[in-house]
Amino acid sequence: MSTGRHQSDEDPPVIKLKVMIDKTRNRVIFAESDHEFIETLLSFLTVPLGTVLRLLEKDMVQLGSISRIYASVYSLDPRFLRTSYCKSMLITPRNASEVQCEKLKLNVDHSEIAGKLFACSSYSCYEIKNFYSLFTNASCRCGSPMRSPRSVNKKGEDRSSGGEGGDGVFLKAGAASFMITDDLQIMPASTASLTALFGKLGVSDKNEIEEKTVEVGTKEVLRLLKVSLLSKTPLTNMVLTSQGNWVKDTSKFEDTLTAKLDKKAVSQNSNSMSLKLIVSKSKQKVLYAEAGVKLVDFLFSFLAFPLGAVVKLLGGNSRLGCIDNLYKGAANLSSENYIKSEECKNRLLSPKLFPYSGFDSHILRVEEECRKYRYDGFGGLELLRNTNKIEGSSIEYEEEASNLPIILDPKSPSGETIKGEGYLKGPATFMILDNLLVTQFSPTSIITLLNQMKVSTGDLEERTVFIGEYEALNLLKASLISKTVLNDVFNRREPYPEIMLKV
C-alpha cells in the first residue's frame, strides 16, 4: 500500500510504494498503491507535449520527430511570430489542469503561476480598463509587459477536483488499493486481477518473488514520465534500471487509425491544407516539403496538446510507450467507485488546451478551456466555477458583466480578447524536412541540402497533396514515433493520387 511518510515543511514529499519483483527476470511484476500515486500517474495525461519534450531535452532523449518540431520552435527567428510570447507558449506550454495538479502530492510539472492573472504597471490598464493576461510578460494594449501578478480567489473553482474534504484530486480518497503493472495498466486490487497477471507473465514459483518498498519523490516521478513514453517496462526502468539505461521500443508507422471520425464533421471541416512535396524521381523519396504559415502553425500546435488529448485523437493508438495503457486505465475507472466526478474524468480523458493556446483554423478539434473571472469585492479576483453565470438572466451578473476582467490574447499584437489566430504571421514560406525540422525557405539552403543528399535539380519533381483530417491525424501519429514522417505519411509509390486514408 502506498503511504506517504509524515512530512515536515523541510522534507520533500515522497510516496512509499510496495513493489513485487521477479528476481529471475529482474523485472517489476506490479506495484501496489493507494490513490496518491495513481493520481500522479493519471496527471501525465494532462501534461502538454511541449512540457514533455522540455523535460526529455535535459537528458538528450529524442521522441520521434516531434523533438524536431520543438527544436524548430526553439530556434525560430522571432520575426516570424505574431508576438514574442508565442514561442514560450509552445516550448513551455501551460497545463489547463495546473490548478488541480498543484494539489497532487507529487506534481510532475510544478508551476509558480498556476491560476494567476497578470497586469501591467499602469493603474489605468488594470484598475480602469480591467486588462489582464493569463501569461506573464505578455504585451498589454498600452505596450507594457504584463508581469504584475494578481491573486485569484479559488472559491469559485470546482471543488470536486480540488482535494477538499479529505478527497483526492482526481480520485476518491477511500481505502481502495490499486495494482499498477510494469506497463502501467491500472486496476483495482483483487485476487482475480492478481491471478490473471501472474498467469499472463508466467510467474509460478513464488520463491522467486521479492517484495520491495521504494520511496518515490519528484525525481522518480519525472523519470517515470519520461520512460513511460519511451519504454514498455517503465516501472522496471524506474525501480531497477540505472538512469542511463533507457531502452526505446521502436514502433513502425502504419497509416491506419483506430479513431472513428464523424464523416459529416469531416466533410464540413473547411480547414484543410495543401502541401508541396519535393520528391526525388530516381529514388522515389520525399526530400522535403514547402509550406506556408497555416501548415507550420498546425505542426507547431502539437506542442500545446495534452497527452490525453493526443491519445483520444488517435483512438487510443498513439503507440507512445505505455501512455495508451494509462489512458485506458483512466477510462476503466468508474466515477461511481473511484473517480471523484465526471468532470474529473473528462480532465483526464478529454483534456483541454490552456486558454488562448488554440486557433480557429485548426483542422483537429481539441477544445480550449474557457475561464471567466469576476472581482470578489475584497480587491482580488475570483474564478467562476459556472461561467454561465455571467451570460444568464441574473440582473446582478448582467450589471457586473461590463466590469469583468478583460483577458487579452497573448498571441495578438493588438491585444485582442477573442482567440482566433495562430502563432505565426505571414506571408512566409518554410522548408520542412522528412523528420519535421522546420526552417525558413532559402534557395541557398536547398542547394546545400541537395548536395548533401547527392540529388540533382533535374531529378526533382513537385507533388501537391491534400491534407484533410485523416492526413492531419496521421501526421500527428507519425510525428510521435517516426523519424521519416513525410515519407511514411505521403510517399505512396503505386499509385500516387491525392491521399485519402481509410479509417
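Tell me, what is the 1.4 Å probe accessible area of Y123, in Å² to the nearest 10?
The value for Y123 is about 140 Å².
So which of K345/K425; K200/K226; K345/K411; K283/K425; K294/K454 end up more than 28 Å apart by C-alpha? It would help to have the intermediate numbers written out before the result.
On the way: K345/K425 37 Å; K200/K226 26 Å; K345/K411 30 Å; K283/K425 35 Å; K294/K454 31 Å.
Checking Cα-Cα distances, K345/K425; K345/K411; K283/K425; K294/K454 exceed 28 Å.
Could you state the number of Å between the C-alpha centres of the stretch 5-74 and the stretch 175-207?
Between the Cα centres of the stretch 175-207 and the stretch 5-74 lies a distance of 21 Å.
Ranked from the most accessible area to the least, with a 1.4 Å probe and all protein chains present, what is the order of R223, R319?
Order by accessible area, largest first: R319, R223.
Counting only residues 5 or more places away or on other chains, whose amide H sits under 5 Å from the amide H of Y373 once H atoms are built in the peptide plane?
L384
List the residues whose amide H sits under 5 Å from the amide H of L81, counting only those 5 or more places along or on another chain, with H placed 1.01 Å from N in the peptide plane.
Those lying under 5 Å, H to H, from L81 are K425.
Pop out the ³J(HN,Hα) list for the stretch 445-459 in order, Karplus 6.51 cos²θ - 1.76 cosθ + 1.60 with θ = phi - 60°, rounded to Hz; leave Gly and Pro as x.
Once θ is set to phi - 60°, the couplings for the stretch 445-459 become 5, 5, 4, 4, 5, 5, 5, 5, 7, 6, 10, 8, 5, x, 8 Hz.
Karplus couplings for the stretch 469-485 from phi (6.51 cos²θ - 1.76 cosθ + 1.60, θ = phi - 60°), rounded to Hz, Gly and Pro as x?
5, 4, 5, 4, 5, 5, 5, 4, 5, 5, 4, 7, 10, 10, 10, 10, 5
Between S442 and K200, what is the spin-label point distance in nm, taking each point 7 Å from the Cα along the Cα→C-beta axis?
5.2 nm
When the Karplus curve 6.51 cos²θ - 1.76 cosθ + 1.60 is applied with θ = phi - 60°, which whole-Hz ³J(HN,Hα) does each residue of the stretch 13-28 get, with x for Gly and Pro?
x, 9, 10, 8, 10, 9, 10, 9, 10, 7, 5, 5, 9, 6, 9, 7
Mind listing the long-range amide H neighbours of K285? Cut-off is under 5 Å, sequence gap 5 or more, other chains count too, H placed in the peptide plane at 1.01 Å from N.
Amide H neighbours of K285: S280.
Estimate the FRET efficiency between S190 and S335 by the formula 1/(1 + (r/R0)^6), using the beta-carbon distance for r and 22 Å for R0, to the nearest 0.05.
0.70
Please say if the stretch 278-375 is rounded, prolate or oblate, where rounded means a/c under 1.5 for a ≥ b ≥ c the square roots of the C-alpha gyration tensor eigenvalues, and otherwise the choice is prolate for a/b larger than b/c and oblate otherwise? Numbers along the way, then the final one.
Numbers: a/c = 4.49, a/b = 1.59, b/c = 2.82.
Oblate, since a/c reaches 1.5 and b/c is not below a/b.
The values are calculated or read from the model by the stated rules, or taken from the named source; none is laboratory data. Quantities reported herein were computed from a predicted structural model and do not represent experimental measurements. When we count neighbours, we look across all protein chains shown, and the Cβ atoms used for this are built from the backbone with ideal geometry, even at glycine. With ligands, DNA and RNA removed, areas are computed over all heavy atoms of the protein, side chains included. Shrake-Rupley method; radii C 1.70, N 1.55, O 1.52, S 1.80 Å.
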